[in-house]
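> Structure in structure tokens, see below.
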């Protein structure tokens, strides 16, 4: 990012740098996405993303093949392609996925597969849905919910 000299604003340098860092990160954020904290081997990866909405399930949900029930922490985020790759690398192998969208592009990732599809053409979703079904994910969880990004 090109830096321009400017008059002092009276703000601290740290504050100015934080705003510059946020602006650079926001400009590089090409995708919005949905990630469930419990799906990640390292859930702290969410701390490095811009979270714009969070929701905790009101009831415990089946969370692994051992019968563990837990509340799900669902995050809607903005991220870059490199972040999607990092998230995929930390997804647990059970019935978990994350999905991301930008315009009509949508990406669904499982720990062992990645699907690129047309968000507006539901027939293009079929391979990602079938992969999820083979893992035992219920159909009602394969809706790839995309909320509007409200700034």
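> Can you give the log10 of the normalised intensity I(q)/I(0) at q = 0.14, 0.16, 0.18 Å⁻¹, computed with Debye over equal Cα scatterers of region 28-141?
-0.55, -0.73, -0.94
> Separation of region 82-113 and region 31-72 by C-alpha centroid, Å?
13 Å
Each reported figure results from applying straightforward, stated rules to the coordinates on display, with no laboratory input. Note that the structure is a prediction, hence the values are computed from the model and not measured.
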